[in-house]
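Here the structure is laid out as structure tokens; the discussion comes afterwards.
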Amino acid sequence: MTRRSRRLLTTATAGVTAALLLAGCGGGDGDKSDSNGRIAGADTGATTSASPSASASTAAGGRPEIALPSDLTYTFEWAKTGDAKKDAVLGDTQQFIKAVDLAIVNQAPLDKAYRFYSEGLAAAGSQKFIQEFVDYKDRITGTKRYFDAKVQINDDGTAGLVYCEDQTKAYNKSLKTGKTQVTKASKDDYVLYSSLLHVNKQGVWITEKLTSQRGSSVCQP
């Protein structure tokens, strides 16, 4: 399969967790690729190399500062729940998503920002996902939309999160040619994610397991 016909999936890893079985939401599957060029949850943006604005430095509280190129934008349709823990899970998951995209922009499979927000299977899967972009010299541009988030705080202190991604306006961009491969929207541009998180000593919610299912009926418009 050629690079231009390859669909790249986002930070999906194997690993099923009972904590993710929220009402009305399905589980996930492993990494998949399909025949068109649209990404599946990946992220990138600008041109053939990361700009200074697309770097991670240490922000207040020891968290990495995540600044991405202007041609990569996000819409998080995640309303605050009013529960401090659940809102923190949503907030730190947003940062994790952006941090993976930053690693792709930087072409750095071991970028420190996404590893700040993940470990275990989720970190390993993210590294593999980022490496695919490095190998193909691609990044992502456009807009990624996230919606229908459901959070559950478990009795053992972990959290389960299920959410949808809309990739209809996000595309692969070649770092070699600078060209963006605009593809026709399809049901496969909607991805269901399930994640398991725990809070560390610094109060950061860490994603430890992540699964995805492309084309899930749960996320279809």
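Numbers below:
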read-out: Placed amide H near Y74: partners under 5 Å, 5+ positions off or other chain; value: K144
read-out: Relative contact order (%) - segment 74-221, alpha-carbon pairs under 8 angstrom, separation at least six; value: 23
read-out: Highest to lowest packing among 193-204, 110-121, 74-85, scored as the average C-beta count within 10 Å; value: 110-121, 193-204, 74-85
read-out: Cα-centred dipole magnitude for segment 92-187, charges only on beta-carbon of K, R (+1) and D, E (-1), debye, nearest 20; value: 700
read-out: Separation in nanometres of the label points that stand 7 Å from Cα toward Cβ, at A79 and K128; value: 3.7
read-out: Qualifying trypsin sites (Lys or Arg not before Pro) for segment 154-200 [loop in DSSP, other Cβ within 10 Å: at most 14]; value: K176, K179, K184
read-out: Net lengthening on full extension, T180/K112 (0.36 nm per residue, minus Cα-Cα); value: 21.8 nm
read-out: Distance in nm between pseudo-label sites at K169 and E65 (7 Å out along the Cβ direction from Cα); value: 2.8
read-out: Accessible surface, per residue, of segment 97-221 when the full set of protein chains is kept, probe 1.4 Å, Å²; value: 40
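The values are calculated or read from the model by the stated rules, or taken from the named source; none is laboratory data. A quick note: this is a predicted structure, and the numbers were derived from the prediction, not measured. Every residue, glycine among them, receives a Cβ derived from its backbone with ideal geometry; neighbour counts consider all protein chains shown. Surface accessibility is based on the protein's heavy atoms, side chains included, excluding ligands, DNA and RNA. Shrake-Rupley method; radii C 1.70, N 1.55, O 1.52, S 1.80 Å.
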